[in-house]
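Encoded as structure tokens, the structure appears first; notes follow it.
The values are calculated or read from the model by the stated rules, or taken from the named source; none is laboratory data. A quick note: this is a predicted structure, and the numbers were derived from the prediction, not measured. Cβ coordinates were reconstructed from backbone atoms using ideal geometry, including for glycine residues, and neighbour counts include every protein chain displayed. What goes into the accessible areas is simple: the full protein's heavy atoms, side chains included, and nothing from ligands, DNA or RNA. Shrake-Rupley method; radii C 1.70, N 1.55, O 1.52, S 1.80 Å.
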Amino acid sequence: QVQLRESGGGLVQAGGALTLSCAASENIFNSNTVGWYRQAPGKQRDVVALIGRSGSSMYADPVKGRFTIFKNNAGNMVQLQMNDLKPEDTALYSCYATYEGSGLWGQGTQVTVSS
């Protein structure tokens, strides 16, 4: 069973930066779509950023210009560089990857942005 593990969350002041990492137990990211979702308390889980097999990426409107998603050549690590963080970015961030017709999720990493 392929597993995803996130790291890099934490507490940061508004305007600060964090980099989240998602490591896969196998090199699956180069042949699948992978990305990040987030869920704030009391809200639904929303997509943040996705990167496809070709390396093309998409971003949710609230994070465009502030967040960057990228993956390594080995295909087992994807990262989310988050700059100019805002209190509304506070959420549980989860890594997601398509795999063999279904989806894989990590357990998430908490990001808290103080004003």
Just to be sure before I move on: is ALA14 at negative phi, among the aliphatic types (A, V, I, L, M) and open to solvent by 50 Å² or more (accessible area, probe 1.4 Å) in the structure I sent?
yes
Selection from segment 70-111 of residues hydrophobic (A, V, I, L, M, F, W, C), modelled with pLDDT of 95 or more and open to solvent by 10 Å² or more (accessible area, probe 1.4 Å) yields MET77, LEU92, LEU104, TRP105
Just to be sure before I move on: is VAL48 touching a helix residue (DSSP H, G or I) at 6+ places or on another chain (Cβ under 9 Å), free of Cβ contacts under 8 Å to residues at least 40 places away in the same chain and of a type in the set (Val, Ile, Thr) in the structure I sent?
no
Let me spell it out: the conditions are (1) open to solvent by less than 40 Å² (accessible area, probe 1.4 Å); (2) touching a residue at least 24 places away in the same chain (Cβ under 8 Å); (3) under 18 Å from THR109 (Cβ atoms), and ALA60 meets all of them except one. Which number is the exception?
(2)
Return the pair list, or none, for Cβ contacts closer than 8 Å from residues in segment 63-75 that are more than 19 Å from ASN32 (Cβ to Cβ) to residues that are part of a helix (DSSP H, G or I), at least 6 apart or on different chains.
VAL63/ASP89
